[in-house]
1. Scan Arg70, Arg138 and give me the residue that is basic (Lys, Arg) and more than 22 Å from Ala168 (Cβ to Cβ).
2. Any idea which of (1) modelled with pLDDT of 75 or more; (2) surrounded by fewer than 20 Cβ atoms within 10 Å (Cβ to Cβ); (3) outside any loop (DSSP other than H, G, I, E, B) is the one Lys17 doesn't satisfy?
3. If I go through region 35-57 residue by residue, how many of them are in a helix (DSSP H, G or I), open to solvent by 10 Å² or more (accessible area, probe 1.4 Å) and of a type in the set (Phe, Trp, Tyr)?
4. Being of a type in the set (Ser, Thr, Tyr) and assigned to a helix (DSSP H, G or I) is the filter; apply it to region 94-110 and report the residue that is surrounded by the fewest Cβ atoms within 10 Å (Cβ to Cβ).
5. Taking Ala83 and the conditions (1) surrounded by fewer than 19 Cβ atoms within 10 Å (Cβ to Cβ); (2) touching a residue at least 40 places away in the same chain (Cβ under 8 Å), which numbered condition does it fall short on, given that it satisfies the others?
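The values are calculated or read from the model by the stated rules, or taken from the named source; none is laboratory data. This is a predicted model, so every value here is computed, not measured. Quick reminder, even Gly has a Cβ in these numbers, built from the backbone with ideal geometry, and neighbours come from all protein chains shown. What goes into the accessible areas is simple: the full protein's heavy atoms, side chains included, and nothing from ligands, DNA or RNA. Shrake-Rupley method; radii C 1.70, N 1.55, O 1.52, S 1.80 Å.
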Amino acid sequence: MPSDPSATPPRRQVLVKFLLLLGLLAGYFAYLWVRFDAATGAVTAGLTWAFFVLCTPIADAGFLLDFPLRVLFGIRMVISELAVWALAGSIVGTTLLLGPAYFDTTVLTRLFHQILTHPWPYWGVVGLSAAGTFLSVRIGDELMDVIHHRDRAFFHSHAFKRELIQIAAFAAVVVAYYELIASLGLESVL
C-alpha cells in the first residue's frame, strides 16, 4: 500500500507538538508579563512549570522535554526527567532564597509555597509526585523500547510481569496522591 504523501512524518509531528507546547508556555509568560512585569512574569511562569513538575504524579510538565528528546535524539525519558526535576528544584530553591515574594503572584504559586514550606504533611505531595512521575516515564521508556524492537526478547520472556507490577504501583501512587490532596483540603484549589 503506497504511503500517503500528505502524512506528516512522526519526528516532525513530535517537533510540531513540542513547539505548540512551548508556544503555550510563551503565551502564559506573555500574559504574566502584561499582568505584572517581565521579571515577575518569567519567575511566575517558571514557578508554575516547577509546580507541575514537582507536585503532579505524572510527567506532564517534564513531557515538554522528555518525549521529544526521546523521539528526536534517543535520550531515555528517565534521564531527561532527572534533569527536569533538577531544573525545577533549582528554580524553586533560587526563588525561595532570593525572592520568596514571587510566590504571592497567583493562587497556584501561593499553594506551591505552602506545600514547599510545610514539610509535614505537604511534602507527601512531592514524594508521591516523584514516585508517580518516575514510574510513568519508566513505563514510557519501556513502551518506546518495545515499539522500536529494543529489548523485545526480554519483554516477551518476562511475560509483562514487571510491567504489570509497575502499572499497578503507578495506579496505587495516583490513588494515594488524590487521597492525600483530598485529606489536606487542596482539591478545591487544584
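1. Arg70 is the lone residue from the list that is basic (Lys, Arg) and more than 22 Å from Ala168 (Cβ to Cβ).
2. (1)
3. 2
4. Thr94
5. The failed condition is (2).
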